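To start, the structure itself, in structure tokens.
Readers should treat all values here as calculations from the given coordinates under stated rules, not as data from a laboratory. Quantities reported herein were computed from a predicted structural model and do not represent experimental measurements. Don't worry about glycine lacking a Cβ; one is built from the backbone with ideal geometry, like all the others, and counts go over all protein chains shown.
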Amino acid sequence: MAKVVRDDAREDHVTTTHALSLVQETPYRWRLDPIDAMRVPGVVFATEALLPAMTDDRSLDQVANVATLPGIVTASYAMPDVHWGYGFPIGGVAATDVDAGGVISPGGVGFDISCGVRLLVSPLQRDELQHQLTALMDDLDRNIPRGAGPGGIWRLVGGLAELEEVLRGGSRFAVERGHGVARDLEHCEDRGAVDDADPRQVSARAHQRGLSQVGSLGSGNHFLEVQYVDETYDQAAADAFGLRVGQVCVMIHSGSRGLGHQVCTDHLKAMLTAMPRHGISVPDKQLACAPVQSPEGRAYLGAMSAAANYGRANRQLLTEATRRAFERAVGTGELDLLYDVSHNLAKLERHTVDGRERQLCVHRKGATRALPPHHPELPCDLTEHGQPVLVPGSMGTASYVLAGNVEGDAFHSACHGAGRVMSRHAALRSVDGRALKQQLEKAGIAVRGTSARGLAEEAPASYKDVNEVVGTCERAGLARRVARLRPLGVVKG
DNA sequence: ATGTCC
């Protein structure tokens, strides 16, 4: 547990088990000064109310561990929704200098490579959907493949050869095959596909797992929600994003399923073996890594990018399935893609560090890229306001649309969700899934789940307050609030 | 997150 030191240096602190001290810089920003092998400080974006959860679950120790990685620059960051994860905390951002031996680490991306969110905006107002909502939810229930194991919208009749095209082309390939329109791609991070995908670095087992899951939601915290715009904040941005109060939208949260999981497993193992060869030692085996410019680093980057494209194609196929369900149940399949963005990814980006522009490998694990206004990667119609940052809340609670700021911080990153505070195991002990479903239905939220256990694990009580998390992001300058969304119906694995 | 242990 970290000692807490206020910025006025009063000795107002909690018990410490080692020398890690948390120094308050602003009401929303704290610093972990380097100790032991830390090469840079840790920077934590949090209010005092959010801090105890971070110290209790040892995720700040993980922030400090990440700060020891070779080539790391500026700081090891924690977003306000940070919580304990595999090696890196979930809600962590770390960038390494590629040309200075900087490493890439599968634990810095997570098992669900390119897990992310997209938001579709309907021309309908909430009251126009009222009478068809049950039919719509029933249609989605029948037509959105989900849960653990095989099952997906797309039958890959072309087998492994067609899977290669998914791994190279992502959403672009899905659109080429008629699943969506060109406009969708303009509103995807990387225009729908990462360029440096190398399917040869994706193992046979990963390929096998991927064959049967293209176009599926998965389980855990993944969901498809029919939502409405509850409140807008930055009116100019909300207008540009097409978000009016009462407007119906659909949020899809999904990832790269078993394929991404297998890629992570395979490359963690390869890196662990290679670390002594590269002269790298880390305080936690789960931080296994290799220089970006090494055979193991490049292999993982290629495989991770391929898995990322699988995740993008996955969300594109779910989008088209949702449009068809809207067509049948509501009479219009018009659902405009606002944006699609990952929150589990490592990317090669150029940033200015200490006055010099460098190529960095930016790991965002449970953290969302938040490009500033006028960034060249933004599509024309979004450039004035910055990149939409899509932040799903916990089940039954609000979600947010934020926008990237010019000043930004943490290499232009923001939070990715509410952030878990209770383990799945603990949630199962304290929550009854069936009762929770009844409670949500009573609150007017249609629930289409596949297991009571899955619902219990995702109970809102397992998560932080998304309003507090998002408010902290805004006050820390990471991103600004554009709109709050509330659920009408949720489809879960 | 995950064919929640090949």
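Of note:
- Additional length obtainable on full extension of the chain from residue A:377 to residue A:143, 0.36 nm per residue less Cα span: 80.9 nm
- Treating each Cα of the stretch A:120-210 as one equal point scatterer and applying the Debye formula with no solvent, the log10 of I(q)/I(0) at q = 0.15, 0.18 Å⁻¹ comes out as -0.80, -1.02.
- Rounded to the nearest 10 degrees, the angle from helix A:466-475 to the longest Cα principal axis of chain A is 60 degrees.
- Placing +1 on each Lys and Arg Cβ and -1 on each Asp and Glu Cβ, with no other charges, gives the stretch A:262-359 a dipole about its Cα centre of roughly 260 debye.
- Listed residues A:443, A:477, A:461: farthest to the positive end of the dipole of the stretch A:415-493 (Cβ charges): A:443
- The stretch A:278-416: projected area of the alpha-carbon convex hull, averaged over directions, in nm²: 11.7
- q = 0.10, 0.12, 0.13 Å⁻¹: log10 I(q)/I(0) that the Debye formula gives for chain A, counting C-alpha atoms only: -0.70, -1.04, -1.24
- Estimated from helices alone, the mean residue ellipticity of chain A at 222 nm is -9500 deg cm²/dmol (sum of -39500 (n - 2.57) over DSSP H runs with n ≥ 4, per residue).
- Taking label positions 7 Å along the Cα-Cβ direction at both residue A:434 and residue A:161, the computed distance is 5.1 nm, reported to one decimal.
- Alpha-carbon spread of the stretch A:350-493, three principal axes, descending order, Å: 55, 31, 26
- Compared with the dominant Cα axis of chain A, that is its longest principal axis, helix A:295-330 is turned about 30°.
- Packing-based order for A:252-261, A:219-228, A:118-127, A:154-163, using average beta carbon neighbours within 10 Å, highest first: A:252-261, A:219-228, A:118-127, A:154-163
- Distance between modelled label sites at residue A:26 and residue A:125, nm, 7 Å Cα→Cβ extension: 3.9
- Packing, as the average of other Cβ atoms within 10 Å across residues, places the peptides A:208-218, A:280-290 in the order A:208-218, A:280-290, highest first.
- Fully extending the segment from residue A:36 to residue A:208 would add 57.6 nm, taking 0.36 nm per residue of separation and subtracting the current Cα-Cα distance.
- Placing pseudo-labels 7 Å out from each Cα toward the beta carbon at residue A:467 and residue A:134 gives an inter-label distance of 3.1 nm.
- Size of electric dipole in the stretch A:342-477: Cβ of Lys, Arg +1 and of Asp, Glu -1, about Cα centre, debye, nearest 20: 720
- Note on residue A:397/residue A:277: beta-carbon distance plugged into 1/(1 + (r/R0)^6) with R0 of 45 Å gives a FRET efficiency of 0.45.
- Relative contact order computed over the stretch A:335-402 (Cα-Cα under 8 Å; 6+ residues apart), in percent: 23
- Dipole check for the stretch A:119-256: with +1 at the C-beta of Lys and Arg, -1 at the C-beta of Asp and Glu, and the Cα centre as origin, the magnitude is about 640 Debye.
- Peptides A:314-320, A:326-332, A:173-179, A:43-49 ordered by average Cβ neighbours within 10 Å, highest first: A:314-320, A:43-49, A:173-179, A:326-332
- Between helix A:433-442 and chain A there is an angle of about 60 degrees, using the helix long axis and the longest principal axis of the Cα atoms.
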